[in-house]
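Chemist: Pasting a structure here, questions to come.
Derivation of every value follows stated rules applied to the coordinates shown; laboratory data play no part. As the structure is a computational prediction, the values presented were derived from the model and not from experiment. Positions of Cβ are generated from backbone atoms using ideal geometry, with glycine treated the same way; all protein chains shown enter the neighbour counts.
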Amino acid sequence: MLLTRFRESNSEIANVNITDLNGQILISAVGTPETVLPNISEQSDFILAREAMLKGQAFLISRPTFGRIVKKWVIPIRYGLRDRAGKLRHILNAPLALSTQQSFWHSLFLPENAQMGLLRDDSYLLSLYPSPKAENIGDVYGKIRTGALATFLRLQHFPQRGLIEGYNSVAHANYNFSYYRLPNQPITYFVSTPVSDLRAKWWKHNQPFYWLTIIFLMGGFAIYSWMVKRNTRWEAEWKQQEEKFRSIYESSHDAIILLTEQGFIDCNQRTLEIFGMTTKAEFLTCPPSNLSLPLQPDGQNAASAANAHITVALEHGSNHFEWVCCRKNGAEFPAEIMLSAFDFAGKRVLQATVHDITQRKKTEAALHTTLAHLQATYDKLDVEKELNQKIIEASPVGIAIYNEQGDCIVANPAIAHHIGAVVSQVVGQNYHRLESWKQSGLYELALEALTKTDPSSTVVWHNSSFGKKVRLSTILCSLQRRGQRHLMLLTTDITESIHAQQALEESEERFRRVVSEAPIPIIIHAEDGEVLEVNKVWTETTGYSHSDIPTTKIWTEKAYGIESQRVQQKISPVYTLKQRSDQGEATITCKNGSTRIWNISAAPVGKLPDGRRYAISTAEDITDRKAAQEQVEFLAYHDVLTGLPNRLLSKDHFELAVSFAARENTKVAVVFLDLDNFKIINDSLGHGIGDALLKVVATRLKKCLRDTDTLSRQGGDEFLIVL
């Protein structure tokens, strides 16, 4: 996305892409995510650029080439991307379309049949104007030039400027070449004119002179008249030529300024546009200090720094530097300034070419931002790579990766442990030759996994090298890595898990048997109210089977009746308890309508596989015990035979009656009686008849008394009445 925005903001750039050192294009601003990005490692210009950057060069302009992605001829501009240690990691390619340069040349004026262009030091043309025919572009830009200019420059070690005559390998004719080598770049700018045109023009200019010699005697006046006409014609031609050069001078895209020690003497139209002035007079009278910041960004004083640059240009003929200039309205802009010194009319004149590099600075800033982002991404990837490596090494899951030939290229300690080996032994193994894979069926599964995208899994037994048989859960899946299909194997030792599962199943079975065969009623229920299980004693005691009471709500409604809601409220907190809880005694109604008294306790057990909590409730049937207890308590205070209060209870009742009489100011009567001749009846008729007689007497006496009176048997045939 960043490369696309960069390209959209720089329309002259045909594409922006980044390649690795092997020539593989990793990302491109042109194309869609589905576009297959090519490899340019075999292109000679890429090879030369990579070698130069590996030797330390940061920026290169390569020879023209036909872009395989943008489908047009471009000039590759390359920038080396390095890590913090200065090592070259990637190459940023920003191809400049040839059509852009052609549009630039088109704005310049050239004499008829003349050519201009840019020639690299390796004798490849970067640009040529007029543009060659479409069918000849490959021959013009794709081959080394062998003409006179290329040969001369190479033999003379690329001089700064000059003029030569020789064969033009593009036009296939002899040309005059004027050339100028660009500063800080292995590129020479040239303008060429056919020699035949110059000779014809020379002959055209000098022919009258020869005729003048022949007819010199024809008269001085005639000669003078002809010379006047000839000089007038020459002046017109030179003026025309001057106008042509003036046109080139005025239409230049850069500001061109001529100056001497006294100040500015001339400038072109572009100078007025760049500095925001309307007339040349306004510019020529403007002090140079108004066109610059007082202090340059590097802290230097503008006046002293400018003088230093001018001195260098006068001494060495040229000087090139960057400067921050000011427009008339005070706006600042960065510029690239080239000073060239020459002599004219006995004076030393400087030509200053000012190129506004605002856009280039923005482009560089964008590139620097991109590079910083790429560097941060690269650092992040390094950290993530190191973290992933640590995760793989520390993972309890065995991990191994095999290439297309079946050789293991990555293995972690876990998988080495699973198969009873060390990592160095696992790396390099070829699974096509492993018998353990073929015997376990893993080999066939691996071949199948390579043919599909979904992972395949299985469980295999493996005999490790230390003699232990382990059970491995395996997952196989295919991976795409640098255009090759790889196989990844993940293993998990589930031997202990299987043993634990078996032990758990055995434990659960024992638990079920214990619950089922327990001698007390047991019910197991979940927090959502589902009854999970009831044992045999529960069903035998209550008559309710599991199908009769599927939920605790149904159970409480059947067993507790109107008390159902209260009992449900006591059951709900059980699932959150930490220990067993006594629920107390409860009377339940059985299926046959009988009632039983239970002492109930409940305890939480844990969670079911589906996450629900569940508990176990047990009951102790105390129905018989409660009846026996009540009988004992009754016999402690009552006579066994007649059911009347005994001495102990009659004494309590007598004390209460006396207290009440004293409090209410009433009286208490006590009657003591026995049965006459009872012993005779007992001895003659038997103890059974005697006991029956005592019961009848007791019954008749009770009918004669009030409810507030007390009748007690003191023993034998003796009775006590408290009135």
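Chemist: Among the lysines, which fall within straight-line cross-link reach of residue 71, defined as a Cα-Cα distance under 28 Å, with same-chain neighbours fewer than 8 residues apart omitted?
Modeler: Within the straight-line cut-off, residue 71 pairs with 133, 143, 362.
Chemist: Continuing with the same structure: How much net charge surrounds residue 61 when only the other residues with a Cβ under 13 Å from the Cβ of residue 61 are counted, with Lys and Arg +1 and Asp and Glu -1?
Modeler: 0
Chemist: Same structure again: Taking 24 Å as the cut-off for C-alpha to C-alpha distance, list the pairs among 239/280; 578/607; 390/452 that go past it.
Modeler: Working: 239/280 21 Å; 578/607 13 Å; 390/452 29 Å.
Flagged as over cut-off: 390/452.
Chemist: Spin-label point model (7 Å from Cα, Cβ direction): what's the residue 572 to residue 322 distance in nm?
Modeler: Going from the residue 572 label point to the residue 322 one covers 7.7 nm.
Chemist: For helix 623-637, report the angle its Cα long axis makes with the longest principal axis of the Cα atoms of the chain; keep it between 0 and 90° and round to the nearest 10°.
Modeler: 40 degrees
Chemist: Roughly what angle does helix 647-664 make with the longest principal axis of the chain, taking Cα atoms, 0 to 90 degrees, to the nearest 10?
Modeler: Around 90 degrees separate the two axes.
Chemist: Cut-off under 16 Å on the C-alpha distance; same-chain residues fewer than 8 positions from residue 553 excluded. Which aspartates and glutamates are left, in chain and number order?
Modeler: The reachable aspartates and glutamates, counting only those whose Cα sits under 16 Å from residue 553, are 527, 528, 530, 533, 563.
Chemist: Now for a separate question. Could you work out the percent of alpha carbon pairs in region 617-702 separated by over 22 Å, rounded to a whole number?
Modeler: 52 percent
Chemist: Whole-Hz Karplus ³J(HN,Hα) for region 409-416, in order, using 6.51 cos²θ - 1.76 cosθ + 1.60 and θ = phi - 60°, x for Gly and Pro?
Modeler: Calculated HN-Hα couplings, in order: 10, 9, 8, 9, x, 5, 5, 5 Hz.
Chemist: From the residues 400, 346, 644, which one has its Cα farthest along the dipole of the chain in the positive direction, the dipole being from +1 and -1 charges on Cβ of Lys/Arg and Asp/Glu about the Cα centre?
Modeler: Checked the options; the winner is 346.
Chemist: OK, next. State, to one decimal in nm, how far the label point of residue 134 lies from the label point of residue 651, with both points 7 Å from Cα in the Cβ direction.
Modeler: My value for the distance between the label points is 13.7 nm.
Chemist: To the nearest 20 Debye, how big is the dipole of the chain about its Cα centre, given +1 on the beta carbon of each Lys and Arg and -1 on that of each Asp and Glu?
Modeler: With Lys and Arg at +1 and Asp and Glu at -1, about 2900 debye.
Chemist: Determine, at each q value in 0.13 (inverse angstroms), the log₁₀ of I(q)/I(0) that the Debye formula gives when each Cα of region 252-356 is one equal point scatterer.
Modeler: For region 252-356, the Cα-only Debye profile gives -0.43.
Chemist: While we're on this one: Could you give the longest part of the chain that holds none of the GluC sites (Glu not before Pro) found in DSSP loops with at most 12 neighbouring Cβ atoms within 10 Å?
Modeler: 405-723
Chemist: Suppose R0 equals 45 Å. What FRET efficiency, 1/(1 + (r/R0)^6) with r the Cβ-Cβ distance, do residue 664 and residue 700 give to the nearest 0.05?
Modeler: Numbers: r = 29 Å, r/R0 = 0.66.
So the FRET efficiency works out to roughly 0.95.
Chemist: Given N residues in region 309-351, what is Rg(Cα) / (2.2 N^0.38 Å)?
Modeler: Relative to the 2.2 N^0.38 Å estimate, region 309-351 comes out at 1.40.
Chemist: Compute the relative contact order of the chain as a whole-number percentage, counting only Cα pairs closer than 8 Å that sit 6 or more residues apart in sequence.
Modeler: Contact order relative to length: 4 percent.
Chemist: Let me ask another. Where does region 269-425 land on Rg/Rh, using Cα atoms and the Kirkwood Rh?
Modeler: Here the Rg-to-Rh quotient is 1.44.
Chemist: Add +1 for every Lys or Arg and -1 for every Asp or Glu among the other residues with Cβ under 13 Å from the Cβ of residue 311, and state the total.
Modeler: Net local charge, residue 311 excluded: -1.
Chemist: Turning to a different aspect of this structure: Could you line up 704, 590, 267, 325 from fewest to most neighbouring Cβ atoms inside 10 Å?
Modeler: 704, 590, 325, 267
Chemist: Take the alpha-carbon centre of region 286-336, take the same for region 377-406, and report the distance between them in whole Å.
Modeler: Going from one Cα centre to the other spans 55 Å.
Chemist: Can you give the FRET efficiency to the nearest 0.05 for residue 196 and residue 269, using r as the Cβ-Cβ distance and R₀ = 30 Å?
Modeler: Values: r = 34 Å, r/R0 = 1.15.
Computed FRET efficiency for residue 196 and residue 269: 0.30.
Chemist: Debye sum, Cα scatterers, the chain, no solvent: what log₁₀ I/I(0) at q = 0.06, 0.07, 0.09 1/Å?
Modeler: -0.71, -0.83, -1.05
Chemist: Now, a different point. Can you spot the lysines whose alpha carbon is less than 22 Å from residue 695's alpha carbon? Ignore those fewer than 8 places along the same chain.
Modeler: 651, 679, 703
Chemist: Using Cβ counts within 10 Å as a stand-in for footprinting exposure, how do 671, 632 rank, fewest first?
Modeler: Numbers: 671 13, 632 9.
The fewest-first ordering by Cβ neighbours comes to 632, 671.
Chemist: Using the per-residue mean of other Cβ atoms lying within 10 Å as a proxy for protection, in what order, highest first, do the peptides 20-29, 373-382 fall?
Modeler: Numbers: 20-29: 15.5, 373-382: 12.5.
Listed from highest to lowest mean packing, they are 20-29, 373-382.
Chemist: For an R0 of 45 angstrom, estimate the FRET efficiency from the Cβ-Cβ distance between residue 409 and residue 364 and round to the nearest 0.05.
Modeler: Computed FRET efficiency for residue 409 and residue 364 comes out at 0.65.
Chemist: Dividing the Cα convex hull volume of region 507-627 by residue count, how many Å³ per residue is that?
Modeler: Dividing the Cα hull volume of region 507-627 by its residues yields 106 Å³.
Chemist: Right, here's the next one. Can you pull the one-decimal nm distance between simple spin-label points at residue 172 and residue 247, each 7 Å off the Cα toward Cβ?
Modeler: Label at residue 172, label at residue 247, 3.0 nm between them.
Chemist: Relative to the longest principal axis of the C-alpha atoms of the chain, give the angle of the C-alpha long axis of helix 302-316, reported between 0 and 90° and rounded to the nearest 10°.
Modeler: It works out to around 50 degrees.
Chemist: Please report the base-10 log of the normalised intensity I(q)/I(0) for region 514-581, using a Debye sum with one equal scatterer per alpha carbon and no solvent, at each q in 0.25 (1/Å).
Modeler: Values, matching the q order: -1.22.
Chemist: Lys/Arg Cβ at +1, Asp/Glu Cβ at -1, dipole of the chain taken about the Cα centre: which of 240, 39, 555 is farthest positive-ward?
Modeler: Checked the options; the winner is 240.
Chemist: Quick one: which residues, 5 or more positions from residue 544 or on another chain, have an amide H under 5 Å from its amide H? H modelled 1.01 Å from N in the peptide plane, none for Pro or chain starts.
Modeler: Residues meeting the amide H criterion: 591.
Chemist: Can you pull out the trypsin sites (Lys or Arg not before Pro) in region 530-608 that DSSP calls coil and that have at most 15 other Cβ atoms within 10 Å?
Modeler: 578, 580, 591
Chemist: Further question on the same structure: I want the local charge near residue 441. Using Cβ-Cβ distances under 15 Å, sum +1 for each Lys or Arg and -1 for each Asp or Glu among the other residues.
Modeler: -1
Chemist: Treat the count of other C-beta atoms within 10 Å as a stand-in for reagent exposure and order 260, 642 from fewest to most.
Modeler: 260, 642
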